1. Suppose the filter is in contact (Cβ under 8 Å) with a residue 24 or more places away in the chain and not charged (D, E, K, R); does ALA321 pass it?
2. Quick one: in region 339-354, of everything that is under 20 Å from ARG152 (Cβ atoms) and not in a helix (DSSP H, G or I), which residue is modelled with the highest pLDDT?
3. Restricting to region 151-170, name every residue that is in contact with a helix residue (DSSP H, G or I) (Cβ under 6 Å, 6 or more places away or on another chain) and more than 19 Å from VAL212 (Cβ to Cβ).
4. Is one or more of the residues making up region 267-288 without any contact (Cβ under 8 Å) to a residue 12 or more places away in the chain, over 18 Å from PRO22 (Cα atoms) and not hydrophobic (A, V, I, L, M, F, W, C)?
5. For region 74-84, enumerate the residues that are loosely packed, with under 15 Cβ neighbours inside 10 Å and within 22 Å of the chain's Cα centre (by Cα).
6. Scanning region 293-304 for residues that are touching a residue at least 24 places away in the same chain (Cβ under 8 Å) and out of contact with any Gly (no Cβ under 8 Å at 6 or more places or on another chain), which turns out nearest to PRO376 (Cα to Cα)?
7. So which residues in region 151-169 are closer than 16 Å to GLY192 by Cα and modelled with pLDDT of 95 or more, if there are any at all?
8. Would you please name the residue that is surrounded by the fewest Cβ atoms within 10 Å (Cβ to Cβ), looking only at residues in region 373-386 that are of a type outside the set (A, V, I, L, M), without any contact (Cβ under 8 Å) to a residue 60 or more places away in the chain and assigned to a loop (DSSP other than H, G, I, E, B)?
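The values are calculated or read from the model by the stated rules, or taken from the named source; none is laboratory data. Since the model is a prediction, treat every value here as computed from it, not as a measurement. All Cβ positions, glycine included, derive from the backbone under ideal geometry; neighbour counts span all protein chains shown.
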Amino acid sequence: MTDATIGAVTSDPWPAPRAREPLDAVVSVPGSKSMTNRALVLAALAATPTLVEGALTSRDTTLMADGLRALGARIDTDGDRWSVTPGPLRGGVSVDAGLAGTVMRFLLPVAALAAGPVRVDGDPRARERPMLALVDALRRLGVRVDDAGGGRLPVTVDGAGMLGGGSLSIDGGASSQLVSALLLAAPRFTAGLALSHHGGRLPSTPHVDMTVAMLRERGVRVETPEPSRWHVHPGPIAGGVVTVEPDLSSAAPFLAAPLVAGGAVTLRSWPASSGQPGARTPDVLARMGASVSATAAGLVVRRGGELRGIDVDLADNSELACVLAALATFASSPTRLTGIGHMRGHETDRLAALATELGGLGAGVTELDDGLAITPGPLRGGVFRTYDDHRLAMAGAVMGLGVDGVLVENVATAAKTFPSFAETWTAMVGGAG
């Protein structure tokens, strides 16, 4: 797949394959989008070149690379080996963030380090995603920012070529990316950054922990004196070699598949330990009845017995929610997914979308203040809309495993993080038995 086709939209609904026999498949997933985009930002701000190995090529990472190129970095790609040579950050450019939260948020503080205006815009839905806390934070740091009102895209950051930094408190409750965005650029602030989160619960804290770990791996001194407080000291970011893990969030539908279809699926190259939120997925599936084991071939998931409903807080693994909601429609008892109210501000309002689409196929789904209540019911086929959301596409594929006639609208939107998703999924189902 070429860069030009990544994220391409198709109007033809995809017939999600039904599993007629128990699964027997070995699957590989591409590199982590979250790690790839963090690695690219740090590499563009580094003192020396960086080689990113295992990088994901997808719509989100291509948009990040193009944005960093516009800002002055040289990025050369050779399969999953991406070399990044930092250059002086420049203004007078525009950046297309598409629908990528990491691009629209991570590149604003980077743009503040450039000399001159940098305009960031994206897809229509991107203009609805929350940015206000980050825009206000940059203004309090002395950066001139022109937005469309309410901290929404398009946003123009008029940098002076440097940023003083200092102390700052923000409300990152809408997205942990607002915190990570500031932390990633903070080593280049003259005084570093003492950052704290105030307000409600910070969602997806493992992603912030990932940011801190990746900063430390590049030689940056980061202190975490207490939860929701970080102190990034100023100093150079080292180049070198960075290895990206497989995307454990994109592995979720494959891990869930045998709980619907029976049999077993093996995920290659599952890390022995990982800071990715998706590393918690096997434990959640085990609570629903999966048998999970680590082997030399990879992580093996089997259906261990009755598929049970679950009451689970997904605040630290919200990327699992769409797939888990789909899986819950096949369970023998109701499910409650909580801690995910912030998902209303994701690529789409995921709570409303799941309630509509799963309900349209026969499940009982009720929106809660911070999640979903799901009651299994007689399921039927039909069109499953994705709202240009990669996780909805994956949820639709899970529904198709156990229901005839599920047609996933625009499955190509999975290219945001997994360009070959439909092909890999079909091969898994086709290899059943």
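1. Judged against the criteria, ALA321 is a match.
2. ASP349
3. Matches in region 151-170: GLY151, ARG152, LEU153, VAL157, GLY159, LEU163.
4. Checked region 267-288: at least one residue is without any contact (Cβ under 8 Å) to a residue 12 or more places away in the chain, over 18 Å from PRO22 (Cα atoms) and not hydrophobic (A, V, I, L, M, F, W, C).
5. GLY79, ARG81
6. Per the criteria, the residue is VAL301.
7. LEU163, GLY164, GLY165, GLY166, SER167, LEU168, SER169
8. PRO378
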